[in-house]
Amino acid sequence: KRPAGAPDKSLARKVTKVGVVGAGLMAGQLALLFARRLDVPVVMTDLDQGRLDKGVDYVHGEVDKLLKKGRVNQDKANHLKALVTGSLSKDAFSDADFVIEAVFEKMEIKQQVFAEVEAVVSPEAILATNTSSLSITEMASKLKHPERVVGFHFFNPVAVLPLLEIVRGDRTDDASLATAFATAKKLKKTSVLCKDAPAFVVNRLLTLFMGEVLAAVGEGTEPEAADRAVAPLGLPMSPLMLLQLVGPAVGLHVAETLHEAFPERFAVSPQLEAVVKAGKTEIFAPDLTIDPEVKELLKGG
Ligand code: 3HC
């Protein structure tokens, strides 16, 4: 069944090579997924060799895990490793027909990245963004061919979570959107078409859950209790665990974007700001108790 709002699939173009801008954790997860499900070469780029090597090593490590679990055989593992390569130059994208960026969540940086990619790819190559909350229309606005830009928003962990928010910008054309939906299907993701509005759909809900748990903690409920109180809702993960999974800085960025867009509906938690300012990336200690310093910050201490 065609997903609601998806254009006719006959408009979709073929994807024969994928580019991933960035070699961080999200980018690595994307590179592996595209290589595994599309069976095409995937090239990653980043700013320096160290980051690039780390990204490619991550992918190879994940392939080894798949091998150990028996999900792929040795030949397939070797093949997947060979498909994913790294390059410091975006020229490596010149024959890519689908490029996805997963770089720092800042509009100017993403616009710059897309401009650099556009300079080397064909006019029809799709430029996709994994942004969690920024405007697709604005990201495309400085390009010669803004009609090829689509939002392609995955959820962590990418290999496991089935959902993909596909976002149409004001100028995205049907062929690009059809290519995005066809690609999502090959990736075995359940895609939903979202309007280009701040944080789309899912992150609005997650931000509300997190925000209210943090607010309860600020009012004096113990963090563990506030976090656990949400368990009857049947979420696969508690809000504070989720905050650790996506990273406090990403969580804060989404909350700030939503607060800016809808100040009456979304607040920015001062405790979350304090956690990020203190440079904390983990909420929980390895024994799954809340890190004592983080606990003080969450309580507003
Ligand atoms: N990378 C790859 N695979 C992972 C993984 C990771 N980081 N974490 C877990 N997995 C795999 C495990 O290997 C396991 O695979 P297997 O069945 O092949 O062995 C499978 O997931 C299940 O893992 P576990 O048995 O260890 O643990 P759980 O059953 O508790 O599941 C979970 C873990 C899948 C992470 C689950 O807790 C979950 O779905 N959590 C909710 C995550 C969520 O809501 N994410 C959305 C975040 S918002 C976002 O990303 C948007 C962004 O813009 C902010």
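Since every read-out is calculated from the coordinates, none of them should be taken as a lab result. Everything quoted here is computed from the prediction, not taken from an experiment. Cβ coordinates were reconstructed from backbone atoms using ideal geometry, including for glycine residues, and neighbour counts include every protein chain displayed.
Laid out as a table, the results:
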| read-out | value |
| --- | --- |
| Amide H within-cut-off set for Ile100, under 5 Å, with H built and near neighbours excluded | Gly19, Val20, Val21, Ala128 |
| Residues Ala278 and Arg228, FRET efficiency given R0 of 30 Å [Cβ-Cβ distance, rounded to 0.05] | 0.80 |
| Sparsely packed chymotrypsin sites (Phe, Trp or Tyr not before Pro) within the stretch 97-193, loop by DSSP, other Cβ within 10 Å at most 16 | Phe104 |
| Where trypsin sites (Lys or Arg not before Pro) fall in DSSP loop in the stretch 158-251, at most 16 other Cβ within 10 Å | Arg171, Lys188 |
| Relative intensity, log₁₀ I(q)/I(0), of the stretch 1-44 from a Debye sum that treats every alpha carbon as a point, q = 0.18, 0.20 Å⁻¹ | -0.65, -0.73 |
| Equivalent ellipsoid semi-axes - Cα gyration tensor, the stretch 169-243, angstrom | 36, 15, 7 |
| All aspartates and glutamates inside 18 Å of Lys9 as judged from Cα atoms, apart from same-chain residues fewer than 8 positions distant | Asp97, Glu124, Glu147, Glu165, Asp173, Asp174 |
| Under the Karplus curve 6.51 cos²θ - 1.76 cosθ + 1.60, θ = phi - 60°, whole-Hz ³J(HN,Hα) for the stretch 85-100, x wherever Gly or Pro sits | 10, x, 8, 7, 10, 6, 4, 4, 8, 4, 9, 7, 10, 8, 10, 10 |
| Cα centroid separation, the stretch 13-34 to the stretch 219-236 (Å) | 35 Å |
| Calculated log₁₀ intensity ratio I(q)/I(0) where the Debye formula runs over C-alpha points of the chain, q = 0.06, 0.16 Å⁻¹ | -0.21, -1.32 |
| Highest-MSF residue in the chain out of Ala249, Ala226, Ala285 [GNM, Cα springs under 10 Å] | Ala285 |
| At R0 = 22 Å, FRET efficiency that the Cβ-Cβ distance of Ala267 and Ala197 yields, to 0.05 | 0.75 |
| Label-to-label distance, nm, for residues given as Lys14 and Asp91 (7 Å Cα→Cβ offset) | 2.7 nm |
